[in-house]
């Protein structure tokens, strides 16, 4: 059974931590891409949460962690929020107290999805695709494929069955579906945001023209919970070009986190370990209250 969204209850006051991870036991013939689709999580997210497991030939009986516990991005909880670093799209519904989270595909290196504050300017069902000249040239040179000037709606259209146009500069950026069986949770598009077919249909029906859309790049998320617990969730930073692939350092912590790290040497060790692992899952580092007590000694 494929879930159309991982839907969460609205976070309690002063908390950004939501959800719980699920454990899946691999059956004979299953692989991680199939499991990612089943639980509607991204392929890279599943890989990061389960290092050492062969993604295509895992052993039957292996326990796989489904990363469904997460820290919400540090943004206003409204409209659509896309965090490029974690390859997730959030749709906030405060009127019914729900947060919906989807895996997405984004622009590959060289055709990066831009950071932006924008809105949905158009909803298009059964869209046509007018590939830019640069993409037609790329297809011809790298794949020996001659793209038509306009690709009509249908099974050959890479936009899928639904598309949401974003109002951003002179470029054409879309949140759209796909006619492919892979690419969700990866950097594979020409700059647009790609969703699974059933996910874009759900989102298309929920959003309205004019709804806010914010695209951010937040590879490290930190949460200070009401009980004093401190969590960090680290994702692999996006490479700017091929020479940086897999080598980029994570961004510096915010002011509050910097002060907390300085209050206890153990905090900094755990923080650096979490950033090095880049599991994409919240890791509890310790207690803010305990660090304050240690600083007074």
Among residues of segment 99-126 being in a strand (DSSP E or B) and within 21 Å of residue 222 (Cβ to Cβ), the residue nearest to the chain's Cα centre (by Cα) is 101
So which of 44, 87 ends up being within 22 Å of residue 275 (Cβ to Cβ), assigned by TED's automatic domain parsing to the domain that holds residue 187, crowded, with 16+ Cβ neighbours inside 10 Å and in contact (Cβ under 8 Å) with a residue 12 or more places away in the chain? 87
Surrounded by 19 or more Cβ atoms within 10 Å (Cβ to Cβ), outside the structural domain of residue 158 (by TED's automatic domain parsing) and either part of a strand (DSSP E or B) or modelled with pLDDT under 95 (or both), is that true of residue 81? no
Quick check on my filter: what residues within segment 58-74 are part of a loop (DSSP other than H, G, I, E, B), surrounded by fewer than 16 Cβ atoms within 10 Å (Cβ to Cβ) and at pLDDT 95 or above? 59, 60, 61, 62
Residues in segment 163-200 that are touching a strand residue (DSSP E or B) at 6+ places or on another chain (Cβ under 9 Å), free of Cβ contacts under 8 Å to residues at least 60 places away in the same chain and within 22 Å of residue 33 (Cα to Cα) total 5
Any chance segment 153-162 includes a residue that's closer than 17 Å to residue 216 by Cβ and either out of contact with any helix residue (DSSP H, G or I) (no Cβ under 6 Å at 6 or more places or on another chain) or touching a residue at least 24 places away in the same chain (Cβ under 8 Å) (or both)? no
Residue, nearest to residue 184 (Cα to Cα), within segment 11-45, restricted to residues that are in contact with a strand residue (DSSP E or B) (Cβ under 7 Å, 6 or more places away or on another chain) and part of a helix (DSSP H, G or I): 45
Pick out the one residue from 159, 164, 140 that is outside any loop (DSSP other than H, G, I, E, B) and under 24 Å from residue 208 (Cα atoms). 164
Evaluation of residue 96 against (1) farther than 15 Å from residue 186 by Cβ; (2) part of a loop (DSSP other than H, G, I, E, B); (3) in contact (Cβ under 8 Å) with a residue 12 or more places away in the chain (one fails), failing number: (3)
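The values are calculated or read from the model by the stated rules, or taken from the named source; none is laboratory data. All of these numbers come straight from a predicted model, not from anything done at the bench. When we count neighbours, we look across all protein chains shown, and the Cβ atoms used for this are built from the backbone with ideal geometry, even at glycine.
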